[in-house]
C-alpha cells in the first residue's frame, strides 16, 4: 500500500464571497510549478494559487464571471464542474505557456474550459479566457453512456483526456487528440468539432465490487502517465457516493496499464502531480471530501517505476 504524508490543508486568505469558507473544499485538479501550485475546484469559479515553499494560505484567482449559490444542491446544478487542470507548454502564441481548466462534460453546462496565460515566472497573467470545449466533448456522446472527464495531460503532440466510469457504466478510458487543432481552438476560441485520434478503455480493478475509476492524471517526461483513481459507490456521473478505496497507477506511453497500488487510507484523491527522481516518483495529491465544511488536503507520497 502507498503511504501518505499530510502537508497542509488548502486554506485561503479570503473566500469567493463573505459566506464561503476560507478554504477550498472540492479540489479536483493540480498543476505544480517552481514557485506556485495551482488547484482547480469543481464547485468554484476561481483557481486556487498556493506557494510551494511554505504553508501560507493561498489566494483565489477568478477564472469565470458570475456567482454560484451557496445552497449545495443548487450550486451543484449550476457549477461548470472543472474537474481537470493541465499545463499547455510554451508555443508561438503563448510564449510562457498557459493553464487549461477542463469541465467534466457530464451536463451541457459543464462543457466549457478556461485558459489562463502564464508569465515568465509561472504566474497567471492577464484576463482568463473561456473556451468552448464542446468541440471535444460533444462527440464523446457517441462513445460513452455518460461523459465524465476527470483528467487532462499534454504529452508531446497530444492532448489526453481521462474518462471516468462508475458502478453502472464502468468505462475508464484515455481519449487522445492531436494537439495542434486543440490549441488552435483554445487560442482562437472557435473551431470545428475535433474527433479523437484514439480511445483506449482500461479496467483498473475494483474493491468490494466497486470499480476503481480515474480521478486525475499527470505525465512523466517519457510519456508514462501517473493516475489517481477511487472506488466511489455511485452509479452515475452526477451523484456522489462513499469512497471505498483509492489508488495510484502507472500507464505507459502506449496505453498499457503497468500497475495499480492502493492508498493506505480511502481519501478521495482528485488531483495529482508527479516528479521523476531516478527510478522514484514523488507525488503530490489533493483531496475532495464532498463536504464544503471540510478543507481539501495536500498530501505527498512516493512510488517506484
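Rule-based calculations on the coordinates, nothing more; no lab input. All values reported here derive from a predicted model rather than from experimental measurement. Cβ coordinates were reconstructed from backbone atoms using ideal geometry, including for glycine residues, and neighbour counts include every protein chain displayed.
As a ratio to 2.2 N^0.38 Å, the alpha-carbon radius of gyration for segment 5-147 is 1.06. Note on the chain: Rg/Rh from C-alpha atoms, Kirkwood Rh, equals 0.92.
Using R0 = 25 Å, the C-beta based FRET efficiency linking residue 34 and residue 190 works out to 0.15.
In segment 28-67, Rg over Rh equals 0.99, where Rg is the alpha-carbon radius of gyration and Rh the Kirkwood radius from pairwise Cα distances. Taking each DSSP H run with n ≥ 4 as -39500 (n - 2.57) and averaging over every residue of the chain yields -1500 deg cm²/dmol at 222 nm.
Among 201, 239, which comes first, then next, by fewest other beta-carbon atoms within 10 Å?
Working: 201 15, 239 10.
Ranking 201, 239 by Cβ neighbours within 10 Å, fewest first, gives 239, 201.
Put simply, the Cα atoms of segment 68-178 extend 45, 36, 20 Å along their principal axes, the longest span coming first.
With contacts taken as Cα pairs under 8 Å at a separation of at least 6 residues, segment 5-304 carries a relative contact order of 16 percent. Can you tell me which of 35, 185, 274 moves the most in a GNM of the chain? Springs connect C-alpha atoms under 10 Å apart. Of the options given, 35 has the highest mean-square fluctuation.
Its Cα gyration tensor gives segment 113-247 an equivalent ellipsoid. The semi-axes, each the square root of 5 times an eigenvalue, are 28, 17, 15 Å from largest down. Taking the chain as a Gaussian network of alpha-carbon nodes connected by springs under 10 Å, the highest mean-square fluctuation of the residues 28, 106, 197 belongs to 197. Springs between Cα atoms under 10 Å define the GNM used for the chain, and in it the highest mean-square fluctuation of 40, 230, 210 occurs at 210.
Going from the residue with the fewest nearby Cβ atoms within 10 Å to the one with the most, 169, 121, 96 rank 121, 96, 169.
Report the far tail of the P(r) of segment 154-196, meaning the percent of Cα-Cα pairs longer than 14 Å.
55 percent
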